[in-house]
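Some notes on the structure that comes next.
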């Protein structure tokens, strides 16, 4: 029954943002969508930031959390997206966290090409709207920030799983 | 940004156990693997069953649990595998549950062709061993039952997520 372990399948990939096409075995794009449908989190924080003219910083983030025994899969996702950091989430849980407008624009592009299948898609669509506004610099204006707050409030409407603390819906953190 | 909603992608599927090839949009096999890597559970129960000669019944089960808002994805998985029941798990959670040796043999065949990527694969391999033994009727002999108990004890070694009650590792239920 272990024949597939002895003969590893070389997987196709229709998306290769990191250009690492010399990988022996890359994750399949559809596998990534399925896994993120189960385990991914699209999150937008708004933090107090007095050093910024508008006083607030918009911090979008894509996150996948796993028990530390599955850290290898987070590293493969990191390699797949070509960005992000694998760090401790809390306790024995690790997370892949992707931040940065350019990196997240790539993530958004991927999930537009390969749509999510669960209701997490509605959170993603809000997230994508925020990224698009930020690409135009709208998060640096009062009007844009108000619009982003409205979008975030839509993300709060139960599209994610409340039983998982790490998959929490976006909140406005007022630290800093 | 909603172009992919207006132009739904017709997905490929290299596996079609239900023969439902007239579906407009089937789940992709790799998506299913990714989703099950995140959300699936391979479970083997052993229940006291006085009406059986050996006194115990081996009850393997494949299960995917979601919040009820995502019941549609469970129905699509049910359609994908061509078997199983979608029922209440607990509270506002629903589950797709596949039982029965013939149905589970199909599930095992699928995940042998399309290997899981997380450590859940080790639970699956134990599960597949149990199914194979059952295919030979070994669960009806003392020796086979002992072997199955040994395999189940290997499944208990932390391959699943203890923080999710529905993804619990196999236990031996001794109810009537």
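The rows are residues; the columns are (1) modelled with pLDDT of 50 or more; (2) within 14 Å of chain B (Cβ to nearest Cβ).
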residue	(1), (2)
A:8	no, yes
A:11	no, yes
A:26	yes, yes
A:56	yes, no
A:70	yes, yes
A:74	yes, yes
A:77	yes, yes
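In the stretch B:106-121, of all residues being more than 10 Å from every other protein chain (Cβ to nearest Cβ) and in contact with a helix residue (DSSP H, G or I) (Cβ under 8 Å, 6 or more places away or on another chain), the one that is surrounded by the most Cβ atoms within 10 Å (Cβ to Cβ) corresponds to B:107.
The values are calculated or read from the model by the stated rules, or taken from the named source; none is laboratory data. None of the values given here were measured: they were computed from a predicted structure. Note: ideal-geometry Cβ built from the backbone for every residue, glycine included; neighbour counts use all protein chains shown.
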